[in-house]
Amino acid sequence: MAVDENLKIEMGKQGVFVTTLQELYNWGRRSSVWPMNFGLACCAIEMIATTMARYDLARFGAEVFRPSPRQADLMIISGTVTKKMAPQVVRLYNQMGEPRYVIAMGACAISGGPFKQGYNVLKGIDRYIPVDVHIPGCPPRPEALLDAFITLQKKIDAQSLTGENRPRHLNPEGQGEFPVPEQGEHDLEPPSNTLVWPAPMVIR
Amino acid sequence: MVSNTYIPLVVLFVAALGFGLAPLGLAWLWARFFSPRKPNAIKNAIYECGLVSKGDAWVQFRSAYYLYAIIFLIFDVEAVFLLPFAVAFTGLSMAACLAMLVFVLLLVEGLAWAWAKGVLTWA
């Protein structure tokens, strides 16, 4: 049970600090998100800049880039996802431990961007894996990535441990496997994961 | 009561052990009860770079390769000696030249021996 916000402030003034297990848990998770050491295209350069001294992602507790999906809980899709690379991206996402989050960075990761008409470019990674935060831009500046990261932290903070809307990793029924597409004759098979991305209906 | 001067050390050791193990235990309990396991075939795959692993990781190398490695090592070391020898060649005395010749011939003899034994033929 959450304590009334005003009561909490009032008690804080008297030197009594209260919290809930949920707040502690979410605080711990959002304060040490470990992104995966994984760059796809030019956005990755901006991602690298974000981790360096000038922009310093470490201020938000996310400086530990892990080269293994087993140790990472944030995947930053930084750049164009080609159809050749998409199965690998989805497989890496599957291999990350729960809870896991995805930031789609830049126009390409969102929709294919300037290469949308290309025969070999995936039109958005959200066709196969659930994306938490989208950042527009080509490429987005490091400030945009920081903003996306803060947005993700707010999202983690708002997650409840119990109830209907609890995140997938806390739900025993929530499935953690996302099918890896395969190279078909003309396109990836299947062209999208309909559970994650229901194909838009064209109404004429 | 028998008082032992080492008892504080034991107490501190147990406390230190608990300090380290308690968070691990709590994390384990939390994961056990609140965060259900979601294993699947893709997640449990061995390889971690996004590709499907091919074949078996338990590959056996032929022991015959060991002889190649030894012979390569001998001539690799020889090259290290040959370079300064070539650089200083014009200023060398007769005795030094002969010593170097003996050294090279010894290695050539070793190579000839290995060749005669059939080591260089990959069977």
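General remarks:
- Residue within the range A:159-169 that is within 13 Å of chain B (Cβ to nearest Cβ), out of contact with any Gly (no Cβ under 8 Å at 6 or more places or on another chain) and either basic (Lys, Arg) or part of a helix (DSSP H, G or I) (or both) present: yes
- The range A:1-30: number of residues that are polar (S, T, N, Q) and free of Cβ contacts under 8 Å to residues at least 40 places away in the same chain: 4
- Candidates in the range A:171-202 are the residues that are within 14 Å of another protein chain (Cβ to nearest Cβ) and either among the aliphatic types (A, V, I, L, M) or more than 14 Å from A:ARG91 (Cα to Cα) (or both); of these, the one that is surrounded by the fewest Cβ atoms within 10 Å (Cβ to Cβ) is A:GLU173.
- Counted residues, the range A:88-110 - those being more than 9 Å from chain B (Cβ to nearest Cβ) and over 17 Å from B:LEU51 (Cα atoms): 11
- Filter result for the condition that a residue is over 22 Å from A:GLN175 (Cα atoms) and loosely packed, with under 13 Cβ neighbours inside 10 Å, over A:LEU24, A:LEU40: A:LEU24
- Residue selected from the range A:35-50 under the condition closer than 15 Å to A:ILE103 by Cβ and not in a helix (DSSP H, G or I), by the criterion nearest to the other protein chains (Cβ to nearest Cβ): A:PHE38
- Screening the range B:32-48 for residues that are part of a loop (DSSP other than H, G, I, E, B) and farther than 30 Å from A:LYS83 by Cα and picking the one that is farthest from the other protein chains (Cβ to nearest Cβ) gives B:ARG37.
- Checked against the criterion of being surrounded by 10 or more Cβ atoms within 10 Å (Cβ to Cβ) and either among the hydroxyl-bearing types (Ser, Thr, Tyr) or assigned to a loop (DSSP other than H, G, I, E, B) (or both), the range B:5-14 contains not a single residue that satisfies it.
- The number of residues in the range A:51-80 being within 12 Å of chain B (Cβ to nearest Cβ) and surrounded by 23 or more Cβ atoms within 10 Å (Cβ to Cβ) comes to 3.
- Sole exception among (1) within 14 Å of chain A (Cβ to nearest Cβ); (2) of a type in the set (A, V, I, L, M, F, W, C); (3) exposed (fewer than 11 other Cβ atoms within 10 Å of the Cβ); (4) assigned to a loop (DSSP other than H, G, I, E, B) for B:LEU29, by number: (4)
- Candidates B:LEU83, B:LEU105, B:LEU51, filtered to the one that is part of a loop (DSSP other than H, G, I, E, B) and either under 30 Å from A:MET85 (Cα atoms) or more than 25 Å from the chain's Cα centre (by Cα) (or both): B:LEU51
- Scanning the range A:99-138 for residues that are under 16 Å from A:PRO200 (Cα atoms), charged (D, E, K, R) and without any contact (Cβ under 8 Å) to a residue 40 or more places away in the chain turns up just one, A:LYS123.
- For the range A:81-128, filtered to residues that are surrounded by 19 or more Cβ atoms within 10 Å (Cβ to Cβ) and among the aromatic types (Phe, Trp, Tyr), the residue that is nearest to the chain's Cα centre (by Cα) is A:TYR101.
- Lone qualifier among B:TRP122, B:TRP115 - being outside any helix (DSSP H, G or I) and of a type outside the set (Val, Ile, Thr): B:TRP122
- Candidates B:SER53, B:SER63, B:SER93, filtered to the one that is of a type in the set (Ser, Thr, Tyr) and closer than 30 Å to A:GLN95 by Cβ: B:SER53
- Across the range A:53-66, the number of residues qualifying as more than 16 Å from A:TYR101 (Cα to Cα) and out of contact with any helix residue (DSSP H, G or I) (no Cβ under 9 Å at 6 or more places or on another chain) comes to 1.
Read-outs: derived from the displayed coordinates by stated rules, not from any lab. Worth saying up front: this structure is predicted, and the values here are computed from it rather than measured. Virtual Cβ from ideal backbone geometry, glycine too; neighbours counted across all protein chains shown.
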